[in-house]
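Everything below concerns the one structure shown next.
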Amino acid sequence: MAGTVSKLAAPRPAALPAPSSSLRSTALAFAPSARRFRVSLSGRARSPVIAMASGKEGNGAATKRTTLHDLYELQGQSPWYDNLCRPVTDLLPYIANGVRGVTSNPTKAISSSNAYDDQFKQLISAGKDAESAYWELVIKDIQDACKLFEPIYDQTDGADGYVSVEVSPRLANDTQGTVEAAKWLHKVVNRPNVYIKIPATAECVPSIREVIANGISVNVTLIFSIARYEAVIDAYLDGLEASGLSDLSRVTSVASFFVSRVDSLIDKMLEKTGTPEALALRGKAAVAQAKLANQLYLKKFSGPRWEALVKKGAKKQRLLWASTSVKNPAYADTLYVDPLIGPDTVSTMPDQALEAFIDHGTVSRTIDANVSEAEGIYSALGKLGINWDEVGTQLELEGVDSFKGSFDSLLTSLQEKGNALKPATL
Ligand SMILES: O=C[C@H](O)COP(=O)(O)O
């Protein structure tokens, strides 16, 4: 059973094109009852969706229309897939089922799969060191994925159909290093629909401004608080203004606001407080803050300053909901998707969230519903001692540390693997 479309759903905006028929021809019949994740030949956990896409269970039937198509066509929200790994052609059925962009985590992809082994061996044999080899593996995936999403990018005149790749997490506190890395990555990937991912750390907010000013499209990641989100929007606006470009239509950006991690941390704090009032607010902080972020977006992308940029073709920096998979099994599995639906937004979902939404998500405009309730929750949490800026700082530190940690450990393991290969191959 596909998810239901709300009777209140707005009519499809005329400007939004239907999914490409060529993309939709890929066979996939989603089976909501097929909950088991399988292990593919590459060793990576695959969802039933992917298994069918590989042809092992596909029946060659026409693509089934899903709630993902409704999400975009009825509500103007772009569903993206929060997972990019080899073979990149595994993305085709996702695209056919309504996915319109992809966020990547190369460290996770490479460390959990043996599909990179052959290219890695070739690179080491050719004399590359482990870190150069890492970037070549990443760049190949990103270029291949960009090609798959190019039709969406073209159909939407550069508004959608992006593939996002991060600069080295080791640079998360290095303003100029991040600028140089972003320029390099943009140049070597050399695709119009790549987003260079830069973290919203205090040090990298100026990098965002600089990279945008250089005409490079950016996915700003690791945003956890309203205060930092406002600084990110300002960096985007400043960068557009500083660019000197007469046509701003090809410099775009998404602001990745992390959702579930906010609840994970605040829930713990509320449990520590332990009062009935505190306990009643568990599972409510993340969505409330996200709704308020959207209010800020509406305010900042309006008025004379923004209108002057629109005259030069500027596109709004869309809010992208990240960290959308539910961490507390007691919560509804679409908790971080259903209440955050609205126009000109993106929701990037890993397999579990994507499948839950296809199966029983509700397509209805929710992002600007119950805003005063969200304000009430935000302020009640403040009165209970939750300091939103401190929550943002803690989550940012944890996020940066975790990305750096996995990057470092992958590079160590690639170095060991490379050293082990050398005697046999050189
Ligand atoms: O979209 C964001 C990242 O993939 C992180 O998600 P996560 O908070 O579920 O780890």
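Along the Cα→Cβ direction, 7 angstrom out, place labels at S246 and S406. What is the inter-label distance in nm?
4.5
Along the Cα→Cβ direction, 7 angstrom out, place labels at Y331 and K121. What is the inter-label distance in nm?
Output for this residue pair reads 4.4 nm.
Using Stokes-Einstein with the Kirkwood hydrodynamic radius over Cα pairs, what translational diffusion coefficient do you get for segment 232-312 at 25 °C and a viscosity of 0.890 mPa s, in µm²/s rounded to a whole number?
So the translational diffusion coefficient is about 161 µm²/s.
If you project the alpha carbons of segment 171-290 onto the principal axes, what extent comes out on each, in Å, largest first?
56, 26, 22
So for segment 312-426, what percent of the C-alpha to C-alpha distances run longer than 25 Å?
49
Taking R0 as 30 Å, what FRET efficiency do you get between K183 and V371 from their Cβ-Cβ distance, rounded to the nearest 0.05?
Using R0 = 30 Å, I get an efficiency of 0.15.
Compute the length gained on full extension between K383 and K422: take 0.36 nm times their separation in residues and subtract their Cα-Cα distance, giving the result in nm to one decimal.
Between K383 and K422, full extension yields 8.0 nm more.
Please express the Cα-Cα pair-distance distribution P(r) of segment 67-421 as a list of whole percents, one per 20 Å bin, running from 0 to the bin with the greatest distance.
Histogramming segment 67-421 at 20 Å steps yields 30, 59, 11, 0 percent.
Excluding residues on the same chain fewer than 8 positions from K327, give the lysines whose Cα lies under 22 Å from its Cα.
K108, K268, K272, K284, K291, K404
Each reported figure results from applying straightforward, stated rules to the coordinates on display, with no laboratory input. None of these values were measured; they are calculated from a predicted model. Here the Cβ is made from the backbone with ideal geometry for all residues, glycine too, and neighbour counts use every protein chain on show.
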